[in-house]
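Report on the structure given below.
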Amino acid sequence: MKAIISTTIITLLACLSLQAKERPNIVLIFLDDAAYSDFRPFGNPPYATPNVERLAAEGVRYTRFHVPQAVCSASRAALLTGCYPHRNRVVNAIAPGRRGLDPKHPIIAETFKQHGYATAHFGKWHLGDIPATRPMSRGFDQHAGLLVSNDMWRHNPVWKKGHGDLPLPYWENGAIKIADISPDDQKHLTAWATEGATRFIRSQAGKQPFFLYLAHSMPHVPLYCRDEFKGKSGAGLYGDVITEIDWSVGEIMTALRESGVEQDTIVLFTSDNGPWEEFGNHAGKTPFREHKATSFEGGIRSAFTVKYPRELKPGTVNDRTFGSIDLYPTLAALAKVPLQEKDTDGKNVWPLMRGDEGAQNPHRHYFISTGWDLEAVMSSDGKWKLHLPHGYRDVIRPGHDGGRGETQTSMLEESLFNLIDDPIEQNNLIAKHPDIAKELREAGADYLKRFPPAAE
């Protein structure tokens with residue numbers, strides 16, 4: 001009997017080891033409010049980011065990657081479900097104590113866990129903080145971090161009302177580890193998430209394929225970094241925070257390399273939306289128009305890098321257009337995880353991401369919203385973008401050193417932009433191309449028939 005059991009265990013371990021090699025590990029690094037140009041080589045910031053540069057040099061740099069809504073919770077829900085905000089009903093930022101993402105919408109972790117993946121989440125969640133919507137109820141074997149944004153906190157001087165009197169708990173594996181984090185605790189959020197992630201990689205390497213979701217709270221305000229990074233960038237606190245995030249990327253890559261799984265792992269690095277520009281020197285810079293919480297490119301276009309040695313040519317630049325809603329079905333296809341098309345709006349875009357000659361985007365359009373309002377429709381080749389008439393938050397006086405600046409509501413008439421020639425969205429071509437505007441307008445109307453806006 002003992003011999004039979006031993007043989008069975010050996011066979012099982014061998015199968016798991018083979019499975020781990022045949023099916024890629026996935027590491028998804030997701031930042032909060034990072035700007036397109038915060039890291040080299042996407043921009044030229046006044047500080048070094050050697051680890052992200054190395055990641056790009058060893059992988060592919062994507063220049064036209066978009067999120068469907070430029071706000072924390074909405075962007076995260078779209079990423080993890082592959083669904084537009086109008087389908088999964090998560091818009092804007094979820095307040096503490098709210099239900100959040102409906103469990104009827106499966107997320108990457110749940111689906112991958114059902115098909116043999118070990119799963120872990122470290123960092124920011126922000127998809128609900130009641131028992132049914134917390135990470136341990138949504139398919140993660142391990143979790144540590146904040147359930148909401150780090151600014152939803154009684155120590156935040158910006159919020160005088162609302163979240164300002166609430167504690168901010170730090171959770172670990174379904175239980176509160178710190179009842180109310182202090183400013184000193186905030187300094188360690190990036191390091192704690194990184195340490196948890198590297199331990200998970202080292203513990204799982206070679207056993208079974210794994211999905212790791214490392215969602216940093218930074219560089220969302222209020223900004224904090226460990227003392228050893230304070231002043232290191234020479235470019236103020238924001239640069240110091242980015243420098244620590246770059247350190248984190250280096251730690252993740254070292255753990256993969258030393259664990260012998262680097263060649264078998266897909267590493268993805270991006271942000272939920274553009275910078276929160278009204279915070280001035282505590283926000284990043286983008287070469288595009290506007291910022292977080294708008295449907296302009298400054299809000300929805302994120303720097304995106306992917307490394308996968310087995311299939312992606314290192315050091316290349318890819319200008320194909322695709323979106324965060326596509327990552328779930330794309331990763332599922334690579335991991336041989338079956339999906340029901342009805343469960344997602346995203347599509348498998350791996351041929352585009354790989355740069356296959358002649359590869360076509362399976363979408364015809366992408367849809368961009370703020371809150372419940374559909375504000376823009378973009379052609380799937382990334383050339384044309386129609387803004388429907390809407391108001392947006394326009395920064396007229398940036399804040400300084402953590403203070404919030406002054407904004408006004410500006411109005412945009414129906415506008416058609418050629419993003420290839422005019423990525424900063426300045427030249428309205430709707431009078432010259434009424435046929436293109438009509439097509440995009442009709443696509444938007446069809447979208448709203450499928451997903452009618454509703455009160456939150």
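The values are calculated or read from the model by the stated rules, or taken from the named source; none is laboratory data. Just so it is clear, the structure is predicted and the values come from calculations on it, not from any experiment. Cβ placement follows ideal geometry from the backbone for every residue including glycine, while neighbour counts extend to all protein chains displayed.
For this structure, a couple of remarks:
- Here LYS336, LYS347 are screened, and the one residue that is of a type outside the set (A, V, I, L, M, F, W, C) and touching an Asp or Glu at 6+ places or on another chain (Cβ under 6 Å) is LYS347.
- Residue match in region 101-110 (condition: of a type in the set (Asp, Glu) and surrounded by fewer than 14 Cβ atoms within 10 Å (Cβ to Cβ)): no
- Some residue of region 249-268 being over 21 Å from the mean Cα position of the chain (by Cα), of a type in the set (A, V, I, L, M, F, W, C) and surrounded by fewer than 18 Cβ atoms within 10 Å (Cβ to Cβ): no
- For region 199-228, residues that are of a type in the set (S, T, N, Q), assigned to a helix (DSSP H, G or I) and either at pLDDT below 95 or buried (at least 21 other Cβ atoms within 10 Å of the Cβ) (or both) total 1.
- So ALA359, is it in a loop (DSSP other than H, G, I, E, B) and farther than 16 Å from ARG64 by Cβ: no
- Only residues that are closer than 19 Å to THR305 by Cβ and touching a helix residue (DSSP H, G or I) at 6+ places or on another chain (Cβ under 7 Å) were counted in region 61-74, giving 2.
- Against the list (1) within 25 Å of ARG310 (Cα to Cα); (2) modelled with pLDDT of 95 or more; (3) touching a helix residue (DSSP H, G or I) at 6+ places or on another chain (Cβ under 9 Å); (4) surrounded by fewer than 23 Cβ atoms within 10 Å (Cβ to Cβ), the condition LYS21 fails is (2).
- GLU290 modelled with pLDDT of 95 or more, acidic (Asp, Glu), surrounded by 24 or more Cβ atoms within 10 Å (Cβ to Cβ) and not in a helix (DSSP H, G or I): yes
- Test result for VAL337, under 30 Å from PRO351 (Cβ atoms), part of a loop (DSSP other than H, G, I, E, B), assigned by TED's automatic domain parsing to the domain that holds THR119 and in contact with a Phe, Trp or Tyr (Cβ under 8 Å, 6 or more places away or on another chain): yes
- In region 21-70, the residues that are out of contact with any strand residue (DSSP E or B) (no Cβ under 6 Å at 6 or more places or on another chain) and outside any loop (DSSP other than H, G, I, E, B): LYS21, GLU22, PRO50, ASN51, VAL52, GLU53, ARG54, ALA57, THR63, ARG64
- Count - residues of region 91-150 that are in contact with a helix residue (DSSP H, G or I) (Cβ under 6 Å, 6 or more places away or on another chain), assigned to a strand (DSSP E or B) and aliphatic (A, V, I, L, M): 3
- Count of region 348-372 residues which are out of contact with any Gly (no Cβ under 9 Å at 6 or more places or on another chain) and either among the hydroxyl-bearing types (Ser, Thr, Tyr) or farther than 20 Å from LYS307 by Cα (or both): 7
- Criterion (among the hydrophobic types (A, V, I, L, M, F, W, C) and outside any loop (DSSP other than H, G, I, E, B)) met by exactly one of ILE242, ILE181: ILE242
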